[in-house]
1. Run down A:Gly137, A:Gly123 and say which single residue is within 18 Å of B:Asn219 (Cα to Cα) and either of a type in the set (Lys, Arg) or within 13 Å of chain B (Cβ to nearest Cβ) (or both).
2. Quick check on my filter: what residues within the range A:224-238 are assigned to a helix (DSSP H, G or I) and under 21 Å from the mean Cα position of the chain (by Cα)?
3. Filter the range B:167-176 for residues that are part of a strand (DSSP E or B) and in contact (Cβ under 8 Å) with a residue 40 or more places away in the chain; which is farthest from the other protein chains (Cβ to nearest Cβ)?
4. Could you please tell me which pairs satisfy a Cβ distance under 7 Å, a separation of 6+ or placement on different chains, a first residue in the range B:130-158 that is without any contact (Cβ under 8 Å) to a residue 12 or more places away in the chain, and a second residue that is part of a loop (DSSP other than H, G, I, E, B)?
5. Filter the range A:207-221 down to the residues that are in contact with a Phe, Trp or Tyr (Cβ under 7 Å, 6 or more places away or on another chain) and either more than 7 Å from chain B (Cβ to nearest Cβ) or crowded, with 22+ Cβ neighbours inside 10 Å (or both) and list them by number.
6. Surrounded by fewer than 24 Cβ atoms within 10 Å (Cβ to Cβ) and within 7 Å of chain B (Cβ to nearest Cβ): which single residue out of A:Ala229, A:Ala204 fits that description?
7. Output the qualifying pairs, or none if there are none: Cβ atoms under 6 angstrom, residues six or more apart or on different chains, first residue in the range A:63-74 and more than 16 Å from A:Gly42 (Cβ to Cβ), second residue small (Gly, Ala, Ser).
Number of protein chains: 2
Amino acid sequence: MTTNDAPAAAPAKAPAKDPWELPDVSGLVVGVLGGTGDQGRGLAYRLARAGQKVIIGSRAADRAQTAADELGLGIEGADNAECARRSDIVIVAVPWEGHAKTLEALREDLAGKLVVDCVNPLGFDKKGAYALKVEEGSAAEQAAALLPESRVTAAFHHLSAVLLQDESVEEIDTDVMVLGEVRADTDIVQALAGRIPGMRGVFAGRLRNAHQVEALVANLISVNRRYKAHAGLRVTDI
Amino acid sequence: MTTNDAPAAAPAKAPAKDPWELPDVSGLVVGVLGGTGDQGRGLAYRLARAGQKVIIGSRAADRAQTAADELGLGIEGADNAECARRSDIVIVAVPWEGHAKTLEALREDLAGKLVVDCVNPLGFDKKGAYALKVEEGSAAEQAAALLPESRVTAAFHHLSAVLLQDESVEEIDTDVMVLGEVRADTDIVQALAGRIPGMRGVFAGRLRNAHQVEALVANLISVNRRYKAHAGLRVTDI
């Protein structure tokens with residue numbers, strides 16, 4: 001039986017950095033591709049409300065502008081390419097169906113950017129939601145394959161778009177699992193998540209372990225149906 | 001972007017049962033196959049400490065007996081077949097490598113039993129843990145395929161064997177995601193999880209969504225390494 005306990009410590013080396021010591025990201029511009037959808041709009045709203053500069057991206061600039069105007073808080077709208085170019089961190093919140101095509105088209109605009117994929121490849125039938133097989137392993141790994149010059153991470157999968165968009169909700173009671181290959185990048189995404197009241201960014205592994213984090217949304221949908229809830233996740237003992 | 005919010009309500013029908021109304025399972029005998037391993041031993045200890053009658057199963061009856069004697073609390077030891085036959089609920093906590101073979105050999109002994117698979121098919125290399133591909137989709141679905149006459153569920157994946165076995169730990173601060181096809185069965189497993197102080201059994205979907213729950217242990221291992229913790233999971237808003 002494999003348990004989740006950490007293996008024996010590695011050989012002695014420099015003291016580990018405090019995992020909760022995260023950079024100041026308050027000055028970074030955050031773009032949200034697919035920012036006119038429920039999840040993207042909700043994230044844009046929460047980040048702007050926390051004081052972050054946010055640009056909503058959409059295929060059509062006017063639709064992005066309309067969404068930005070509706071949300072206020074200094075949010076701007078632009079087409080996806082301009083959104084990518086003007087942002088330091090780019091959250092990918094497009095529908096799974098358009099994921100590969102959208103990212104391929106933005107490869108140059110996203111070069112050098114910190115990309116945060118939050119897409120959950122799911123199918124639905126009469127029995128509810130289920131995880132789709134993704135050739136690259138996960139949406140995040142597909143992003144990494146399509147964007148070799150970007151710094152790809154994965155996060156923000158387990159959020160309720162209803163809660164994100166509900167202005168009367170002051171705090172979002174959930175941790176955000178952050179995955180990636182480079183600590184400097186995952187630290188930034190953790191810090192970004194931590195800007196939203198109630199949220200905490202938690203490092204949760206490399207991109208090769210993104211599939212199960214994405215797919216777990218199918219389970220949260222089952223939880224929400226059974227308990228009539230907007231479930232999130234907290235990691236205990238940290 | 002697919003979010004985790006529940007779809008619109010189904011057409012009007014009989015009022016839904018209270019999801020927290022669970023059966024009394026205190027009189028059921030719980031067997032633990034692979035009960036001499038860390039996870040099995042930890043679960044056996046916690047359940048017996050909560051007042052449940054527990055039988056530890058192992059390939060060798062004498063090894064099971066030794067483990068039972070060490071734990072006390074009225075726990076008995078037996079070979080796997082006897083453990084299965086004498087139990088109402090049988091937790092499968094064997095190593096993934098022996099999973100299929102063990103269950104195949106116990107098909108008749110497990111007929112009619114409520115089987116709870118808690119096996120996590122993981123591989124390890126220099127970069128840490130990763131999810132193994134399972135032909136049937138997950139360990140739980142493999143169990144269901146091999147045990148057509150049993151009532152197969154999945155649960156208890158995300159527990160720290162260290163915490164389970166630490167007698168000084170009074171409460172285990174985690175929810176237990178319970179998966180299965182039949183509500184009467186998942187209700188029983190939820191109730192069983194709820195017997196352990198601090199734990200709560202939460203319905204989290206059908207067996208076809210077991211893979212990601214099993215695989216998520218790889219992420220918890222990353223969490224444990226980064227934060228020097230014994231992480232568990234809580235579902236929020238329920």
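1. Only one candidate passes the filter, namely A:Gly137.
2. A:Asn224
3. Within the range B:167-176, the match that is farthest from the other protein chains (Cβ to nearest Cβ) is B:Asp175.
4. If the second residue must be part of a loop (DSSP other than H, G, I, E, B), the pairs left are B:Ala145/B:Glu136.
5. A:Asn209, A:Ala218
6. Exactly one of A:Ala229, A:Ala204 is surrounded by fewer than 24 Cβ atoms within 10 Å (Cβ to Cβ) and within 7 Å of chain B (Cβ to nearest Cβ), namely A:Ala229.
7. Hits for this filter: A:Gln65/A:Gly77.
Residue-by-condition table, conditions (1) modelled with pLDDT of 95 or more; (2) touching a His at 6+ places or on another chain (Cβ under 7 Å); (3) over 18 Å from A:Tyr130 (Cβ atoms); (4) not aliphatic (A, V, I, L, M):
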{"position": "B:Gln165", "(1), (2), (3), (4)": "yes, no, yes, yes"}
{"position": "B:Asp187", "(1), (2), (3), (4)": "yes, no, yes, yes"}
{"position": "B:Arg195", "(1), (2), (3), (4)": "yes, no, yes, yes"}
{"position": "B:Leu207", "(1), (2), (3), (4)": "yes, no, no, no"}
{"position": "B:Val213", "(1), (2), (3), (4)": "yes, yes, no, no"}
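The values are calculated or read from the model by the stated rules, or taken from the named source; none is laboratory data. Everything numeric here is computed off the predicted structure, so don't read it as measured data. Cβ: placed from backbone, ideal geometry, glycine included. Neighbour counts: every protein chain shown.
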